[in-house]
Amino acid sequence: MSKKPETLFSNQLIKNLNQVFFTRIENKHGGGVPDLYGTYNNKSAFLELKIKTKQNKVLISPLQISWNYKHFLHNPINFYLVSDPRRKVIELYDGNKGRELLENCNNVTAALTFSTDNYDLLTGYLFS
């Protein structure tokens with residue numbers, strides 16, 4: 001069985017950020033909880049991993065939008081991490097941007113954009 005693109009993205013992220021302790025959150029029952037929880041340098045972050053579609057869209061469920069928005073209001077350590085394979089970049093968005101990303105991801109400014117060979121920028125942003 002082939003792996004889903006988001007699983008491959010998760011594996012790539014964990015491999016490139018090997019100094020970060022990651023826990024995959026396998027949520028089989030919905031609820032919108034993000035895919036990964038990472039901790040490093042006494043800081044933590046939740047990451048919802050997404051891949052831009054061929055139609056240049058980011059598909060996010062209503063439960064993911066709700067969980068991330070509510071969590072971000074109380075403790076802003078959750079993010080959407082979006083891989084854009086055609087541009088070979090990864091974009092990081094605050095957890096309260098789910099609805100905007102779903103409606104028109106091209107009009108949302110990323111908190112951080114980096115090339116797929118420069119993961120150190122992500123570590124610095126999330127855990128410094």
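The values are calculated or read from the model by the stated rules, or taken from the named source; none is laboratory data. Quick caveat, the model's predicted, so the values are computed rather than measured. Using ideal geometry, Cβ is built from the backbone for each residue, glycine included, and neighbour counts are taken over all protein chains shown.
Scanning the range 93-128 for residues that are closer than 19 Å to GLN19 by Cα and among the aliphatic types (A, V, I, L, M) gives LEU121, LEU122, LEU126. Of all the residues in the range 103-115, those that are over 14 Å from the mean Cα position of the chain (by Cα) and surrounded by 15 or more Cβ atoms within 10 Å (Cβ to Cβ) number 1. Scanning the range 30-82 for residues that are among the aromatic types (Phe, Trp, Tyr) and more than 23 Å from GLN12 (Cβ to Cβ) turns up TRP67, TYR69, PHE72. Pairing each residue of the range 1-27 that is of a type in the set (Lys, Arg) with any residue that is part of a loop (DSSP other than H, G, I, E, B), provided the two are 6+ apart or on different chains, yields C-beta distances under 7 Å for ARG24/ASP35. Any chance the range 31-41 includes a residue that's modelled with pLDDT under 95 and farther than 19 Å from PRO5 by Cα? Yes; the residues of the range 31-41 include at least one that is modelled with pLDDT under 95 and farther than 19 Å from PRO5 by Cα.
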